[in-house]
Structure formats: C-alpha cells, structure tokens
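What follows is calculated from the coordinates using simple rules that are stated; it is not laboratory data. Fair warning: this is a prediction, and the values are worked out from it, not measured in the lab. Please note: Cβ atoms are built from the backbone with ideal geometry, for glycine as well, and neighbour counts cover all protein chains shown.
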Amino acid sequence: MATGPTYRVMFRRRREGRTNFHRRRKLILSRVPRFVPRGSLRNMSVQIVESKPIGDYVLASANSKELRKFGWLGSGGNIPSAYLVGFLIGSRAKSSGLKQAILDVGLLTPSKGTRILASLKGALDAGLEIAHDEKALPDADRISGKHIANYGASLSQNTPDLYSRSFSRNLANRWPPEQIPNGFEKVKKEIQRNLAGETNVPI
C-alpha cells in the first residue's frame, strides 16, 4: 500500500470496487437523468435517477417482479424479461414527461446483446431518448425469446429429462419455453394497453 505525505486514501466505495467516481462525475455533469439497469440471476431492475446535491433522486423504477401483473410467468432474469422491464420503465417515464436519459452501467462493461442492452432497447422502443450504438443491441429473435423456445423444443425432443430439469419453473407455472415468444408479445401489448395515453402515472 502506498504511503507518504502526498498519499490520499480513496473513497470507501472506490476501495470496495462499488463506484467509479471518474465515470460517475462525467454522467452527473451531463445534467441528464441516468438510466440505471442492474440484474441478478432471477431479477432485472431499472431505475431512472436524477443527481442532486443532497443525493440521487429516483424518478422512475421497474423490476421484473412487476411483469407478473401483466401476465409474464417466465424467468425474471432472462433477455425477454429485461427488455420488458426496460419497456415498462420507458413507458412510465414518457407518461410522466421524461423524454431523455443517459445510460449508466456502473462498473460493468456490457457485451453485445446482453440483458442490460436488452433493457435499453425496451426503453428506446417505448420512446425514451438514450444515446446508444445500434449494433450493440440484441436482435429481435433474442428479445422475444425465440432462442429460448428453440432450445427448449430441441431439449424436449432429444433429452426430455434435461428439459424437465432446465425448465422446471416454467413447467410448474404452465409456461413452457416454447410459449415464451407468444407470451412476450402479449405482455408487451398489455403494458402498452395499461399505460397508453396516460399522464402523471404513479411511478
């Protein structure tokens, strides 16, 4: 560890590897609300955050657990659910008068087609303006879950035991992976139906 009269101890969150203050400073100086997607194995959450002198203020939020009330019974941690969460928060933001945001990925370096970029695509499709590289976004088949449906159909035919183990939650909810693309479209339409034309929607 460095020592000496000129050594300055880093901020605690920097020492813990939780915040890149150099990147955060640039985002805050943009004076644009931040689009903040975060994910775990079973859940995806997105917030739109505005930075103020007293701290961060959440303008809108959504997570994959909320998708159930729109009819989603699949996993909350896959690419289709990440897109739908982004679409949900984007719709809420637009209904509340928010038009623009800037992507904040924290310490992550997202790869092409990941869940974070799927949530970004959902917000873009909802009408939110966020600077992005179109080439990095996942394609339509992955967003709708066709890759999961194809994989599930292949397992069902060739290795039924592995199919039952891999998609046990889906099957328990009577939501087999082959139905994910159709279910995805229904949930997206349900979100549109519930939020279309509304203003000052509680967030």
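Worth pointing out:
- Cα Rg, Dmax (largest Cα-Cα span) when computed across segment 99-141, Å: 10.0, 28
- Distance-filtered residues of segment 26-43 - backbone nitrogen under 13 Å, label point 7 angstrom along E50 Cα→Cβ: 31-34
- Placed amide H near W72: partners under 5 Å, 5+ positions off or other chain: none
- Cα→Cβ-extended label distance, 7 Å offset, between S96 and K186, nm: 2.9
- Taking the C-alpha atoms only, the angle from helix 180-195 to the longest principal axis of the chain is near 60 degrees.
- In straight-distance terms, cross-link reach from K69 covers every one of the lysines whose alpha-carbon lies under 21 Å from its own, apart from those fewer than eight places away in the same chain; here that gives K94, K186, K188, K189.
- The 3J(HN,Hα) values that the Karplus relation (6.51, -1.76, 1.60; θ = phi - 60°) gives for segment 61-72 are, in residue order, 8, 7, 9, 5, 5, 5, 5, 4, 6, 9, x, 7 Hz. Gly and Pro appear as x.
- The chain - charge dipole about Cα centre, Lys and Arg +1 at Cβ, Asp and Glu -1, debye rounded to 20: 840
- More than 28 Å apart - percent of Cα-Cα pairs taken over the chain: 34
- Distant-in-sequence amide contacts of G127, defined by a placed amide H-H separation under 5 Å and a gap of 5 or more residues or a different chain, comprise nothing.
- Amide proton proximity set for A60, modelled H, under 5 Å, gap of 5+: I48
- Whole-number D in µm²/s for segment 81-180 (Stokes-Einstein; Kirkwood sum over Cα pairs; 20 °C, 1.002 mPa s): 142
- Cα-based Kirkwood hydrodynamic radius, segment 119-169, one decimal, Å: 13.1
- Peptides 86-92, 31-37, 146-152, 115-121 ordered by packing proxy, namely the average of other Cβ atoms within 10 Å per residue, highest first: 86-92, 115-121, 31-37, 146-152.
- Note on S156 and N43: with the Förster distance fixed at 22 Å, the Cβ-Cβ geometry gives a FRET efficiency of about 0.25.
- Helix-only CD estimate at 222 nm, as mean residue ellipticity for the chain, using -39500 (n - 2.57) per DSSP H run (n ≥ 4): -12500 deg cm²/dmol
- Stretch gain in nm, segment K69-L108, where the contour uses 0.36 nm per residue and the Cα spacing is subtracted: 11.0 nm
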